[in-house]
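The values are calculated or read from the model by the stated rules, or taken from the named source; none is laboratory data. Being a predicted model, the structure only gives us computed values, none of them experimental. No Cβ is skipped: glycine too gets one built from the backbone with ideal geometry, and neighbour counts run over all protein chains shown.
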Amino acid sequence: MQKEKYNNILCFGEVLWDMLPTGAKPGGAPLNVAIHLKKQGQNPKVISKIGDDNDGENLLNFLSESGVNTDTIQKDNKLATSKVLVHLDENKNATYEICEPVAWDNIELNETNKNAATQANLIVFGSLASRNKITRTTLFQLLEYSTATRLLDVNLRPPFDKQETVEELLHKSDFIKLNDDELVIIAAWNNKKGNETELIKWLANHFNCQTVCVTRGANGAVLFIENNIYEHTGFQVKTVDTVGAGDSFLASLIANLSKNIHPKKVLEYACATGAFVASQPGAVPEYSEKDINQIIISAKP
């Protein structure tokens with residue numbers, strides 16, 4: 001993957017408001033990934049849907065002000081813009097209460113998003129947006145139109161975690177990103193057991209996927225690429241909330257793998273990005289390359 005240049009990235013799925021204890025923040029994994037890609041020098045587009053309401057208009061304004069193209073975001077006349085209740089535990093880890101139906105459950109195929117998919121060389125999509133047949137069908141049609149690399153961000157949020165749907169997405173993917181708990185769950189669906197490395201290699205082989213990245217929360221991540229395993233133990237920070245940390249990690253991974261940087265360095269920088277975002281409120285805080293490098297430098301003996 002690191003030999004390719006991803007200069008035309010499409011993020012497909014949910015855009016919404018995260019209703020945090022501290023107030024409403026823009027969110028949804030595709031939106032978060034797109035914002036973080038933009039911060040790291042990429043020019044992504046987001047395919048999603050908002051309601052014809054103030055919440056939707058405010059999301060569009062936020063994306064526009066962040067420099068993210070909104071031409072592929074549709075507007076629904078009946079369904080509202082999505083809001084998600086976010087609960088933080090004593091360790092500031094987030095759990096989510098996701099309502100339905102909402103506007104992003106009704107993403108439809110049109111010429112605008114077909115053209116975007118045709119031009120893309122990387123499509124990032126998650127499993128959550130496929131909970132509804134309309135949006136899921138649109139995604140599958142767009143993947144048929146496109147020759148882009150397909151990156152699945154697994155997001156098992158009960159009850160929107162049906163094995164049949166998730167595995168269909170896995171089979172369509174060239175690159176799978178998931179957390180360590182999700183790896184064990186998917187392996188268990190197939191009666192597979194083993195250590196983390198064994199399960200990663202099984203996943204890559206079973207779903208014919210070249211690249212797999214498994215995140216471990218505060219304990220870093222592991223990247224399987226070109227039949228090699230790279231690990232990083234993560235960075236210790238004072239966590240404010242974990243919302244968007246995984247999305248910033250993924251954006252950093254994408255941006256730097258496409259620059260022909262060694263995977264070990266890519267993983268280190270991605271872990272530092274995720275750690276920084278976890279130390280800030282909300283999914284898309286402001287930061288610079290200097291902020292991320294400071295996390296890396298501070299951890300060196």
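Data table
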quantity	calculated
Residues of segment 136-152 classified as assigned to a loop (DSSP other than H, G, I, E, B) and within 17 Å of the chain's Cα centre (by Cα), total	1
Among the candidates Ser48, Ser127, residue that is modelled with pLDDT of 95 or more, hydroxyl-bearing (Ser, Thr, Tyr) and either loosely packed, with under 14 Cβ neighbours inside 10 Å or touching a Gly at 6+ places or on another chain (Cβ under 7 Å) (or both)	Ser48
Those residues of segment 221-244 which are more than 19 Å from Ser298 (Cα to Cα) and not in a strand (DSSP E or B), in sequence order	Glu226, Asn227, Asp241, Thr242, Val243, Gly244
Residue match in segment 185-199 (condition: in contact (Cβ under 8 Å) with a residue 12 or more places away in the chain, more than 30 Å from Leu20 (Cβ to Cβ), in a strand (DSSP E or B) and not basic (Lys, Arg))	no
Looking only at segment 1-44, and only at residues there that are farther than 26 Å from Leu156 by Cβ and basic (Lys, Arg), the one that is surrounded by the most Cβ atoms within 10 Å (Cβ to Cβ)	Lys39
Boolean, Glu90 is farther than 22 Å from Gly246 by Cβ, of a type outside the set (Val, Ile, Thr), over 16 Å from the mean Cα position of the chain (by Cα) and surrounded by fewer than 22 Cβ atoms within 10 Å (Cβ to Cβ)	no
Residue that is farthest from the chain's Cα centre (by Cα), among those in segment 105-126 that are more than 18 Å from Ile254 (Cα to Cα) and in a loop (DSSP other than H, G, I, E, B)	Asn110
